[in-house]
Amino acid sequence: MHYSPRSGRGHLSALVAPLLALAINQAQAGQVEVLHWWTSGGEARSAALLKEMLEKQGHSWKDFAVAGGGGESAMTVLKTRAVSGNPPAAAQIKGHDIQEWAELGFLASLDDTATAEGWDKVLSPVVTKVMKSDGHYVAVPINVHRVNWLWANPAVFTKAGATIPGSWEEFITAADKIQAAGLIPLAHGGQPWQDATLFEAVALATLGTDDYSRAFVDHDIRVLSGDKMVLALERFKSLRQYIDRDSAGRDWNIATGMVISGDAAMQIMGDWAKGEFAAAGKVPGQDYRCVAAPGTATAFAFNIDSLAFFKLRTKDDQNAQQVLASTILSPAFQKAFNINKGSIPVRLDMVMDGFDQCAVDSMAAFRSANANGTLVPSWSHGLATTSQIQGALTDVISNYFNDDKTTAQEAANKMARAVKAAM
Ligand code: BGC
C-alpha cells in the first residue's frame with residue numbers, strides 16, 4: 001500500500017479500522033468442541049459444512065468425532081468426559097437423553113437465542129418438545145431423518161426380473177427372485193443397532209402406527225408380547241436368509257455401498273443412507289430408488305439429530321456456542337446441510353427447491369403423517385424412549401436375530417420383560 005502523509009485522518013482510520021475489528025473479533029472468538037459420530041462419507045461432508053460456517057464467523061471448531069453408526073460409542077465417550085468434569089462444548093444428544101442431561105444440570109440454556117430468533121414459530125411442537133427441558137431450550141434440532149426407507153438399485157432388479165416392493169409379500173417375492181438370480185437381496189450390517197433399525201421397519205408395518213406407539217412409546221406390555229409382535233419377529237427373522245454371510249460387524253455405510261455398486265439389491269435404513277448415494281454422485285430415480293420400507297407408506301418414523309450445549313466457563317466460548325446454535329437453524333445451513341445429509345430441514349418455513357425427489361417425498365410424507373397421526377418417533381434411534389429401554393430392546397432383538405434357539409414368542413416375552421425391568 002502506498003502511504004501519503006497528506007491523505008491525513010481518512011487514510012489512517014482506513015488502516016486502523018480493520019485492525020480494530022480484527023482485535024474485537026479475536027477477543028470474541030471462542031472455541032466449540034463438538035462431539036458427534038458423523039464419520040461416513042456423506043456424514044463427514046455434512047459435519048464439515050457446519051465447521052466451515054462456524055469458522056467463517058470467527059470461531060473455531062474442535063472436532064471430536066467418535067466413529068460408530070447410531071452413536072452408541074459416542075455416548076459412552078461422552079459419559080466418561082462428563083463424569084471427569086470435562087465435557088465438550090456441544091454434543092450430538094438425542095431424544096429423551098436431552099432431558100436426562102438437562103436434569104443432571106449439565107446443559108446450558110439456549111433461550112436467549114431461541115427467543116431472539118423465534119424458534120417456537122419456525123419449529124413443529126413435536127420437535128420443540130424434545131429440545132426443551134422444563135420449558136427451556138437446552139438443545140438445537142438439526143434435521144429430520146425418516147428411518148423407514150428402502151433403498152434399491154433398479155439395475156439389480158432388472159437383472160433379476162423383479163419389481164421394487166411396496167408390501168412385505170412383494171418384498172419376499174422380489175427377494176426370492178433376486179436370490180435365484182445369484183444376487184444378494186438385502187444389504188445389511190450385523191451390528192445390534194442396525195438389527196434394531198431393520199426390526200423397527202418390520203414392526204411398524206406389522207403393528208401399524210397405533211400399536212407401534214403402544215409398544216415402543218407407552219410400553220404396553222400386552223402389545224410388546226402380543227400376537228402382532230410375534231408375527232413381526234417371525235417376519236424379521238425370515239429376512240436373515242436374504243443377507244449375505246459376511247454381514248457380521250459390517251458398518252451401515254459399507255452395506256449402502258453394496259447397493260450403490262450393484263452387489264446387493266436393497267437396504268432398509270434411514271435416509272442418512274442417501275448421503276452416501278449423494279457423496280458417490282448418484283442420482284435418485286436414475287441410479288437408485290427410494291421408497292418407504294415395505295408396508296409403511298403412510299407412516300413416518302422420525303429421528304431428529306440435535307446438539308446439546310454443555311455449561312462452559314468463558315464468555316467467548318459461551319458466545320461461540322450461541323453462534324453455533326443460531327447457525328444450525330439458519331435457512332442457508334438447513335438447506336446445504338440437509339442436502340448432503342439425506343434428511344429434511346427441521347424448519348417448517350423452508351421451500352424445497354434444490355432438494356432431490358427423495359427429500360421432497362420425505363417432506364410430503366412428514367407433513368401428511370403429522371396431519372394424519374401416523375408420525376411416530378423412532379425407538380431404535382432414541383426418539384421414543386429412554387436409552388436404557390432402547391438398549392434393552394436392542395439386545396433382545398439382536399440376539400434373537402442372530403441365534404437359532406429363541407422362538408418369536410420367547411423373544412416377544414423377553415422384550416416385555418426387558419422393558420419392565422428398565423422402566
Ligand atoms: C443419526 C444419524 C446418523 C446415523 C448413522 C443416526 O442415529 O441420527 O445422523 O447418520 O445414526 O450413524
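The values are calculated or read from the model by the stated rules, or taken from the named source; none is laboratory data. All of these numbers come straight from a predicted model, not from anything done at the bench. Cβ sites come from the backbone with ideal geometry, for glycine too, and all protein chains shown count toward neighbours. Just the protein is used for accessible areas: all its heavy atoms, side chains included, with ligands, DNA and RNA removed. Shrake-Rupley method; radii C 1.70, N 1.55, O 1.52, S 1.80 Å.
Couple of notes before you dig in:
- Subset of the stretch 292-316 that is touching a Pro at 6+ places or on another chain (Cβ under 6 Å) and in a loop (DSSP other than H, G, I, E, B) - its residue that is nearest to the ligand (Cβ to nearest atom): Ile304
- Candidates in the stretch 27-41 are the residues that are part of a helix (DSSP H, G or I) and over 19 Å from Ser73 (Cα atoms); of these, the one that is nearest to the ligand (Cβ to nearest atom) is Gln28.
- So Ala384, is it of a type in the set (Gly, Ala, Ser) and open to solvent by 20 Å² or more (accessible area, probe 1.4 Å): no
- Within the stretch 259-279, tally of residues that are open to solvent by 30 Å² or more (accessible area, probe 1.4 Å), part of a helix (DSSP H, G or I) and in contact (Cβ under 8 Å) with a residue 24 or more places away in the chain: 3
- Taking strands (runs of 3 or more DSSP E) as the structural unit, those lying wholly within the stretch 42-158 and holding at least 3 residues that are within 16 Å of the ligand (Cβ to nearest atom) and crowded, with 17+ Cβ neighbours inside 10 Å correspond to 90-92, 139-141.
- Looking only at residues in the stretch 245-257 that are more than 16 Å from the ligand (Cβ to nearest atom) and touching a residue at least 12 places away in the same chain (Cβ under 8 Å), the one that is most open to solvent (accessible area, probe 1.4 Å) is Ala248.
- Whichever residue in the stretch 317-359 is part of a loop (DSSP other than H, G, I, E, B) and of a type in the set (Val, Ile, Thr) and, among such residues, is farthest from the ligand (Cβ to nearest atom): Val351
- Among the residues of the stretch 360-373, those that are touching a residue at least 60 places away in the same chain (Cβ under 8 Å) and either part of a helix (DSSP H, G or I) or surrounded by 13 or more Cβ atoms within 10 Å (Cβ to Cβ) (or both) comprise Asp361, Ser362, Ala365, Phe366, Ser368, Ala369, Asn370, Asn372.
- Check on Asp263, among the acidic types (Asp, Glu) and farther than 26 Å from Thr386 by Cα: yes
- Matching residues in the stretch 389-423 - criterion: being open to solvent by 40 Å² or more (accessible area, probe 1.4 Å) and farther than 22 Å from Leu239 by Cβ: Arg417, Lys420, Ala421, Met423
- Annotation: Lys228 fulfils all but one of (1) closer than 27 Å to Ala162 by Cα; (2) open to solvent by 30 Å² or more (accessible area, probe 1.4 Å); (3) touching a residue at least 12 places away in the same chain (Cβ under 8 Å); (4) over 24 Å from the mean Cα position of the chain (by Cα); the unmet one is (1).
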